[in-house]
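Q: Take this structure, written in structure tokens, and hold onto it; I'll ask about it next.
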Amino acid sequence: MARDETTHERIETNEKFERNRRSFLKAAGATVTTAVGLGVAGGSASASEYETITVPAGSTKDITVGDGKNLENTLIDQSAPGAAATIRASGSDWKIRNVGLKGGCGATNFGFFSIMPSVSSGGKGVIENVYMGDGAETNSANEAQPGGLWVNANAPHEGDLTIRNTNIQKYANNGLYGSGPGAANGAGSGGPVKVEGCYCANNDIANVRLGTPGSHVKDTVIENDGAPVHHPNGPNKRGIWGWYVPITVKNCDVRTSEYDAVNGGFHGGEVMVKNSQVKGPTSGSVETKNVGSNPKTKIPKTVPKSAEQAAKGN
């Protein structure tokens, strides 16, 4: 079983960077595919235009998004061996939208995540139409270390975060890891993490992991069809994992083989599943209402199926 207790909740964050759009692109070595798409507040490229940021082999790129800023219409190419990019968003009123990560994350450290967002108290942040479906590079044993999206408990996250129409697959240290802020200042703290219209599949430890008041999973497809990527202490590919506080799951399709489809009860966590289709075991504190066992686990039409499709905003 993967090491999935509160050790994961204490990952240190790096120093935040504040750069304007052009100075960042110069530092990151971005190349323009058609037109500018990484913008300041209110900036937007048309649907078929996007920029490409290329990460060289064996290198890591840090991309930061601050108060009122947008990262949008951007393809991040980390397909070279050992290449990895991480997007750090903090503050309020920021957006990560129409972004595709191409190639598996090549980082080899346990605390590395492709996206690390937080929202300050009273603020809002949005992650929308993002492709993270290539997951993490694996070794010969199909092991990896990085996680997909980790909601930053150390920033801390106290505002309202919505993750919408996003594709997260094949990460080792959780796919969408949003429970950390629930323990940052004592269990039950932190801002809500709202997962809506997403597709999360074959991520180890948990596909979606939540643990802050007001958090929910809605209109989302979650599945585990036996893909081999796993953490060195795994595998344990849960569907939805609830920590610390009650969370709600509604209008979702969840299918797992061998591992829990829904798991609640850790440190006071509860999961209420409503109007959903769930196939697979449940354990811990899980309540159901109008729940069947015939999930449809195709990628939703509103979720990008490739990095290029996401960057184009299609």
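Q: What are the pairs with Cβ atoms under 6 angstrom where one residue, in segment 63-75, is on the phi > 0 side of the Ramachandran plot and the other, located anywhere, is among the hydrophobic types (A, V, I, L, M, F, W, C) and in a loop (DSSP other than H, G, I, E, B)? Sequence gap at least six, or different chains.
A: Pairs that qualify, where the first residue is on the phi > 0 side of the Ramachandran plot and the partner is among the hydrophobic types (A, V, I, L, M, F, W, C) and in a loop (DSSP other than H, G, I, E, B), are G68/A41; N73/A45.
Q: All but one of (1) under 17 Å from Y259 (Cβ atoms); (2) touching a residue at least 60 places away in the same chain (Cβ under 8 Å) hold for Q169; state the number of the condition that does not hold.
A: If we test Q169 against (1) under 17 Å from Y259 (Cβ atoms); (2) touching a residue at least 60 places away in the same chain (Cβ under 8 Å), just (2) comes out false.
Q: Please work out if N185 is in contact (Cβ under 8 Å) with a residue 12 or more places away in the chain, of a type outside the set (D, E) and farther than 23 Å from G265 by Cα.
A: No, not satisfied.
Q: Quick check on my filter: what residues within segment 91-133 are surrounded by 24 or more Cβ atoms within 10 Å (Cβ to Cβ), closer than 26 Å to G190 by Cβ and polar (S, T, N, Q)?
A: S114, S118, N129
Q: Keeping to segment 78-102, report how many residues are without any contact (Cβ under 8 Å) to a residue 60 or more places away in the chain and within 16 Å of A136 (Cβ to Cβ).
A: Count: 9.
Per-residue answers, yes or no, for (1) at pLDDT 95 or above; (2) within 27 Å of M132 (Cα to Cα); (3) within 21 Å of the chain's Cα centre (by Cα); (4) surrounded by 15 or more Cβ atoms within 10 Å (Cβ to Cβ):
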| residue | (1), (2), (3), (4) |
| --- | --- |
| K279 | yes, yes, no, yes |
| T288 | yes, no, no, yes |
| V291 | yes, no, no, yes |
| P304 | yes, yes, yes, yes |
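Q: What are the residues in segment 250-262 that are assigned to a strand (DSSP E or B) and under 19 Å from A227 (Cβ atoms), if any?
A: Of everything in segment 250-262, those that are assigned to a strand (DSSP E or B) and under 19 Å from A227 (Cβ atoms) turn out to be D253, V254, R255.
Q: Oh, and also: Looking only at strands (runs of 3 or more DSSP E) that lie completely in segment 146-201, which have at least 1 residues being among the β-branched types (V, I, T) and surrounded by 24 or more Cβ atoms within 10 Å (Cβ to Cβ)?
A: It comes to 160-164, 167-169, 193-196.
Q: Restricting to segment 51-60, name every residue that is in a loop (DSSP other than H, G, I, E, B) and buried (at least 22 other Cβ atoms within 10 Å of the Cβ).
A: V55
Q: Then there is this: Across segment 61-78, which residue is surrounded by the fewest Cβ atoms within 10 Å (Cβ to Cβ) among those that are over 17 Å from A155 (Cα atoms) and not charged (D, E, K, R)?
A: N70
Q: Here's something else I'd like to know. Can you name every residue in segment 48-71 that is touching a Pro at 6+ places or on another chain (Cβ under 8 Å) and aliphatic (A, V, I, L, M)?
A: If the condition is that a residue be touching a Pro at 6+ places or on another chain (Cβ under 8 Å) and aliphatic (A, V, I, L, M), then A57 is the only one that fits.
Let's see how each residue does on (1) of a type in the set (D, E, K, R); (2) modelled with pLDDT under 95; (3) in contact with a Leu (Cβ under 8 Å, 6 or more places away or on another chain):
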position	(1), (2), (3)
N129	no, no, no
G133	no, no, no
A136	no, no, no
E143	yes, yes, no
H157	no, no, no
I168	no, no, yes
L176	no, no, yes
P213	no, no, no
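Q: Counting only residues that are at pLDDT 95 or above and under 15 Å from T297 (Cβ atoms), which one in segment 257-273 is surrounded by the fewest Cβ atoms within 10 Å (Cβ to Cβ)?
A: Going through the qualifying residues, I end up with A261.
Q: Let me ask another. From the residues in segment 202-239 that are under 22 Å from P300 (Cβ atoms), within 15 Å of the chain's Cα centre (by Cα) and aliphatic (A, V, I, L, M), which one is surrounded by the fewest Cβ atoms within 10 Å (Cβ to Cβ)?
A: Per the stated criteria, the residue is V221.
Q: Within segment 129-145, track down each residue that is touching a residue at least 60 places away in the same chain (Cβ under 8 Å), part of a strand (DSSP E or B) and of a type outside the set (F, W, Y).
A: Passing the criteria: N129, V130, A136, E143.
Q: P235 fails exactly one of the following numbered conditions: (1) closer than 16 Å to Q169 by Cα; (2) in contact with a His (Cβ under 7 Å, 6 or more places away or on another chain). What is the number of that condition?
A: Of everything listed in (1) closer than 16 Å to Q169 by Cα; (2) in contact with a His (Cβ under 7 Å, 6 or more places away or on another chain), P235 misses just condition (2).
The values are calculated or read from the model by the stated rules, or taken from the named source; none is laboratory data. Just so it is clear, the model here is predicted, and its values are computed rather than measured. No Cβ is skipped: glycine too gets one built from the backbone with ideal geometry, and neighbour counts run over all protein chains shown.
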